[in-house]
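Here's the structure, in structure tokens; my notes come after.
The values are calculated or read from the model by the stated rules, or taken from the named source; none is laboratory data. Everything numeric here is computed off the predicted structure, so don't read it as measured data. All Cβ positions, even for glycine, are placed from backbone atoms using ideal geometry, and neighbour counts span all protein chains on display. When the accessible area is computed, the model is the full protein with side chains, heavy atoms only, and any ligands, DNA or RNA have been set aside. Shrake-Rupley method; radii C 1.70, N 1.55, O 1.52, S 1.80 Å.
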Amino acid sequence: VFNAKTAELLSHHQVEIQQKFPKEGWVEQDPKEILKSVYECVERTCEKLQQLNIDITNIKAIGVSNQRETTVVWDKTTGEPLYNAIVWLDLRTQSTVERLLKRIPGKNKAFFKFRTGLPLSTYFSAVKLRWLLDNVEEIRQAVDDGRAMFGTIDSWLIWSLTGGKNGGVHCTDVTNASRTMLFNIHSLEWDPELCQFFDIPMEILPKVRSSSEIYGLMVSFLVCKSGALTGVPISGCLGDQSAALVGQMCFQDGQAKNTYGTGCFLLCNTGQKSVFSEHGLLTTIAYKLGRDKPVCYALEGSVAIAGAVVRWLRDNLGIVKTSQEVEKLAAEVGTSYGCYFVPAFSGLYAPYWEPSARGIICGLTQFTNKKHIAFAALEAVCFQTREILDAINKDCGIPLNQLQVDGGMTNNKVLMQLQSDILCIPVVKPSMPETTALGAAMAAGAAEGVGIWSLNPGDLTAVTCERFEPQINPEESEFRYARWKKAVMKSMGWETSEAPSNGKPE
């Protein structure tokens, strides 16, 4: 909960959602658990406000921000999900992608790029939805019976919070729609030809709205103790990366932010023109802050594994008990001692789009220990960001002179200093890292009919920031980056599907 005048964070609560890995490369979440976590966060946050003697009837609007691309299909008559949500970095759709590629002239991954801004990849919702229709009998049946609804997590939440099977609103916003691969980012409508290509019935798709308008009202029976939120408009909706761009106030052409979450996402605002990348970046919708407001675009570099690498060191290898320990281990050695870690657990995203890559740790010697591996893991996040920043600089022609950062991992000072060293530019972090939540709140508060948050740059409160300046010489940085690129080359072409494709021996 934020103060609309000062943008100050008044109260918050968070719940970690369990990821399920039913098979190798599969990543799922339970849509009901996601919904339950939302209720729990609302409940706890309101209790904390009451402890601060803030009346919760002061809450004037609700914004939603979500992990994009994650795909849910549910039954509109029962309100029940028909399958777990397939998470954005899930890889089960690799064979679906290959099958679809065969139907494209010259097997060109970028065939739909000028319409969608995206390459054909396991990452986007259309292929996940195609997989569900091909593999889950309940979903096929529900589509045939006219009971199925598709959505990304924002749609599932808004539908559930505005009444669910009793009149819930089935909608999404332009930022989330632009990540499905079914949406034309110029006409701002679902594209019939794309739906036909993926063979997806258009009647199951949500209605696409702007990122800042009243979609519906919060329904009472959902929030038990905090009944006072009944009737509060849900009026902001932004995919998490767009929300962070808004929360960082990157409203000018050429401003960029990098969010360090499970993955890493660098977005650069390109204003009202869509810029198409020659270097493996996505063209995406940054925001459309009102029904009558212009749509703004961004160039985006997506890295699948950032915070997830720390979680992996904790949960899979057990070399740390908490995520914070990784920073401590890395700080103790201050170098990876020539060890390089490419965390291509879900293949490589930007700028390579290489699903055949897998994670590798190389340059190991008898001297290497877990501290070096912890350092190499943090360095990997920084190198991946550097690759994207290089691509953005080439596409935009104006090199960024500083990088604005946010997300949970930015609390790691070793990581932030490393990032500045590897980029050779300052890294600037706002004192309040919950930028994604702030962006959703800004969109909600600024919506027509709510109007309690001004988005005029002059009215926006200056944010206090922490700066990290480069501390190593550029030659050293270039040397390490070149070694990293060599490691990336070694990670590619590891996984081959059905038949060995161009599997030339090394």
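For segment 366-429, the share of accessible area belonging to carbon and sulfur comes to 53 percent (1.4 Å probe, ligands and nucleic acids excluded).
In this structure, the amide hydrogen of N369, modeled 1.01 Å from its nitrogen in the peptide plane, lies closer than 5 angstrom to no residue at least 5 positions away or on a different chain.
Just how far, in whole angstrom, is segment 318-389 from segment 72-96 if you go by their alpha carbon centroids? Going from one Cα centre to the other spans 31 Å.
Between segment 151-212 and segment 415-467, the C-alpha centres lie 27 angstrom from each other.
Please list, by residue number, every one of the trypsin sites (Lys or Arg not before Pro) in segment 288-332 that is coil in DSSP and has at most 10 other beta-carbon atoms within 10 Å. Qualifying residues, ordered by number: K321. With the simple spin-label model, which puts each label point 7 Å out from Cα in the Cβ direction, the D144 to E33 separation comes to 3.1 nm.
Sparse packing (at most 13 other Cβ atoms within 10 Å of the Cβ) combined with a DSSP loop state is found for the following trypsin sites (Lys or Arg not before Pro) in segment 77-178: K102, R103.
Where the only charges are on Cβ atoms (+1 Lys, Arg; -1 Asp, Glu), what is the dipole of the chain about its Cα centre, to the nearest 20 debye? Rounded to the nearest 20 debye, it is 440 debye. Assuming charge only on the beta carbon of Lys and Arg (+1) and of Asp and Glu (-1), the dipole of segment 142-205 about its Cα centre is about 280 debye to the nearest 20. Counting other Cβ atoms within 10 Å, which GluC sites (Glu not before Pro) in segment 254-337 have at most 12 and lie in a DSSP loop? Within segment 254-337, the qualifying GluC sites (Glu not before Pro) (loop, at most 12 other Cβ atoms within 10 Å) are E278. Per residue, the chain reaches -10000 deg cm²/dmol at 222 nm when only DSSP H runs of four or more residues are counted, each adding -39500 (n - 2.57).
With 23 Å as the limit on Cα-Cα distance, the pairs of K23/K113; K32/K76; K23/K257; K113/K394; K5/K32 that go past it are K23/K113; K23/K257; K5/K32. Given a 1.4 angstrom probe, I'd like the percentage of the accessible area of segment 1-65 that is carbon and sulfur, rounded to a whole number. Answer for segment 1-65: carbon and sulfur cover 51 percent of the accessible area.
Packing, as the average of other Cβ atoms within 10 Å across residues, places the peptides 334-345, 430-441 in the order 430-441, 334-345, highest first. Among the listed pairs K370/K413; K328/K429; K20/K60; K371/K490, those whose Cα-Cα separation exceeds 25 Å are K20/K60. Its Cα centre serving as origin, segment 263-373 has a Cβ charge dipole (Lys and Arg +1, Asp and Glu -1) of approximately 240 debye.
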